[in-house]
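The values are calculated or read from the model by the stated rules, or taken from the named source; none is laboratory data. This one's a predicted model, so the numbers in the text were calculated from it and none came from an experiment. FYI the Cβ positions are ideal-geometry reconstructions off the backbone, even for glycines, and counts take in every protein chain you see.
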Amino acid sequence: MRVEYDRDTCIGMFQCVAEWEAFEEDRDAGKAVLVGGEKRDGVVVREVPDGEEFDAKFAARACPVDAITVYDDDGDQLVP
């Protein structure tokens, strides 16, 4: 499972930070940061570690602007 995060879309509500420890606040930029992510094609991409799938999905669902998308191992979109 992987997560893609569009930082340009983020409005800094930080609900993702409350839901999954992979996200941190960047108060200076007013945006969340996906820790351990790699920038690819305009989004930040990170594999979801085993046992953190629920938290990753919840972080994506909590995002008010759908800046976070979760995909399964086959590349099918799960959330949002």
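In segment 1-26, the residues that are more than 21 Å from Gln77 (Cβ to Cβ) form Cβ pairs under 6 Å with partners that are of a type in the set (D, E, K, R) and not in a helix (DSSP H, G or I), at six or more places apart or across chains, as follows: Gly12/Lys31; Phe14/Glu25; Val17/Glu25. Under the condition of being in a strand (DSSP E or B), touching a residue at least 24 places away in the same chain (Cβ under 8 Å) and surrounded by fewer than 16 Cβ atoms within 10 Å (Cβ to Cβ), the residues counted in segment 46-80 number 2. Residue under question is Asp8, and the condition is that it be surrounded by fewer than 17 Cβ atoms within 10 Å (Cβ to Cβ), among the charged types (D, E, K, R), touching a Pro at 6+ places or on another chain (Cβ under 8 Å) and outside any strand (DSSP E or B); does it hold? Against the criterion (surrounded by fewer than 17 Cβ atoms within 10 Å (Cβ to Cβ), among the charged types (D, E, K, R), touching a Pro at 6+ places or on another chain (Cβ under 8 Å) and outside any strand (DSSP E or B)), Asp8 does not qualify.
Note on segment 11-44: residues that are assigned to a loop (DSSP other than H, G, I, E, B), in contact with a helix residue (DSSP H, G or I) (Cβ under 8 Å, 6 or more places away or on another chain) and either hydroxyl-bearing (Ser, Thr, Tyr) or surrounded by 19 or more Cβ atoms within 10 Å (Cβ to Cβ) (or both) total 2. Scoring Gly42 on the criteria (1) on the phi > 0 side of the Ramachandran plot; (2) at pLDDT 95 or above leaves a single failure, condition (2).
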